[in-house]
1. Do we have any residue at all in the stretch 35-47 that's more than 23 Å from Ala134 (Cα to Cα), part of a loop (DSSP other than H, G, I, E, B) and open to solvent by 60 Å² or more (accessible area, probe 1.4 Å)?
2. So if I check each of Val287, Val299, Val257, which one is of a type in the set (Val, Ile, Thr), in a strand (DSSP E or B) and touching a residue at least 60 places away in the same chain (Cβ under 8 Å)?
3. In this structure, does Gly230 turn out to be under 22 Å from Asn321 (Cβ atoms), surrounded by 14 or more Cβ atoms within 10 Å (Cβ to Cβ) and not polar (S, T, N, Q)?
4. State whether one or more residues within the stretch 180-195 are surrounded by fewer than 20 Cβ atoms within 10 Å (Cβ to Cβ) and among the small types (Gly, Ala, Ser).
5. Which number in (1) of a type outside the set (Val, Ile, Thr); (2) closer than 27 Å to Ile165 by Cα; (3) surrounded by fewer than 18 Cβ atoms within 10 Å (Cβ to Cβ) marks the one condition that Tyr301 misses?
6. Just give me the residues in the stretch 304-326 being buried (at least 19 other Cβ atoms within 10 Å of the Cβ) and either hydrophobic (A, V, I, L, M, F, W, C) or modelled with pLDDT under 90 (or both), in sequence order.
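The values are calculated or read from the model by the stated rules, or taken from the named source; none is laboratory data. Not measured: the values here are computed from a predicted model. Heads up, the Cβs are rebuilt from the backbone with ideal geometry, glycines too, and the neighbour counts pull from every protein chain shown. All accessible areas refer to the heavy atoms of the entire protein, side chains included, with ligands and DNA or RNA removed. Shrake-Rupley method; radii C 1.70, N 1.55, O 1.52, S 1.80 Å.
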Amino acid sequence: MKKISTFLISFVSFFLFSCGSTRQIPSWVTPDWTTAFPNSRFLAQRGVAESAETAKTEALSQLSQYIRTNVNANITTSVTHMERNKKVTDSALIQTDVAIQSNVELFGVEYTVPFHVKSEKRWYCVAYINRERAWTQYVPKIELAKNLFYSFYNSARVEGEPFFIMSDYKNAWEHGKEFLTTLEYGRLIHPDRERMYAADRAKLAEIPVKIDNERRQIAIQLNIQGDYNGIITTALENAFKKSGLTVSKKGNYMADVEIKPNSDGKSPLAVYPEIDLKLTASSGQTVYSYKDRLSERTVAYSLETAQKKAYPVFARQIEENIYNDLSKTRAEH
């Protein structure tokens, strides 16, 4: 019995040794490792490190960097092409969009079992994405971004007031860039499948022109009470013009503006200027309103001196806030 046990142990040891010594090196460990993951079916990157876990982490990092770099480059190219070739005049659409950065969320990542090459004292691992499986997982994300884009796009199409149409298209443009991000990732995952969204890309590309078309129908006439040396007037003109809107003495939109110094005390006195602006279309509909107050306390021995010191500060605040309002959000109405 003892001889049999000894024989079995020796046989098993020999068998395991034989298997270990003839272990075949996977094709994805060799120099031409990409043949194991053809580009037509996979996105893949390889990690090599001194431990199995580090090799796996390195593979994922390489894959993530590859995808992020390609998606960002494609988004930047697409947005820049849309804006520059559509003769967009609104600086809000041009200034920041060409520097879009996308935080890409990886979908459907799989890994090979890390392999150790004893002669090199290194571990190999491949992180890969099966294009078909990843596309199936990713489509709901594309559809969610698409629906959000169309919520504003369709709202603009049924709206009758040019100012609100312009605002809706601007919101569609902002959300459209998020939609574009998902499409670029989708294109990288599965170019053939992503082509089904070609019509949606075309609609997104038309938006800068649609914004300009509505903007050209808007001319703003300023009716300002309580300004000092035209300081606030200049700030308002700058804010509207930077947003691509026309300021005219015979505009079809009236901006009624009241400015109050809100002085407190006598000698010295302090001022806390405030503004109340209401923009009204020729139809009588209020399309935009803005109220603000300078919180900074300005002290002087005369009202004129206090206004001279406070109004330039307040003007910069007004110009920035109104420009941001008109550039990126739908006005309250």
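1. No, the conditions are met nowhere in the stretch 35-47.
2. Val287
3. no
4. No; the residues of the stretch 180-195 include none that is surrounded by fewer than 20 Cβ atoms within 10 Å (Cβ to Cβ) and among the small types (Gly, Ala, Ser).
5. Checking Tyr301 against (1) of a type outside the set (Val, Ile, Thr); (2) closer than 27 Å to Ile165 by Cα; (3) surrounded by fewer than 18 Cβ atoms within 10 Å (Cβ to Cβ), the one that fails is (2).
6. Ala306, Ala310, Phe314, Ala315, Ile318, Ile322, Leu326
Table: residues versus (1) surrounded by fewer than 18 Cβ atoms within 10 Å (Cβ to Cβ); (2) over 30 Å from Tyr185 (Cα atoms).
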residue	(1), (2)
Glu206	yes, no
Arg215	no, yes
Ile224	yes, yes
Thr234	yes, yes
Phe240	no, yes
Ser248	yes, yes
